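The block underneath contains the structure these notes are about, expressed in structure tokens.
We did not get these values from a lab; they are worked out from the coordinates using the rules stated. Source: prediction; values computed, not measured.
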Amino acid sequence: MPVLFIHGAYDFVCETLGSGPAEPLRGLCDNLTEATIHAGHWVAREVEEGWPVPG
């Protein structure tokens, strides 16, 4: 199953780009796509415009 993991570029609460918290996910998901969004920890709140989610 495809999995999309979204990183917040300025997330200082749970930094996942250069540290270990996301590593288990990379090992468990065969069809993993990672994307980095220019936001902090609350990505969906900080980048509301353009999200394909009803709100």
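Side notes on the structure shown:
- Within the chain, the ratio Rg/Rh, alpha carbon atoms throughout and Rh by Kirkwood, equals 0.99.
- Database remark: amide H of T36 closer than 5 angstrom to the amide H of H7 (H placed geometrically; neighbours at sequence offset of 5 or more, or on other chains; Pro and chain starts carry no H).
- Calculated from backbone phi, Karplus (6.51, -1.76, 1.60) coupling profile of segment 17-24 in Hz, x at Gly/Pro: 6, x, 10, x, x, 8, 4, x
- Taking segment 3-46 and dividing mean pair separation by its residue count, relative contact order in percent (alpha carbons under 8 Å, at least six apart): 57 percent
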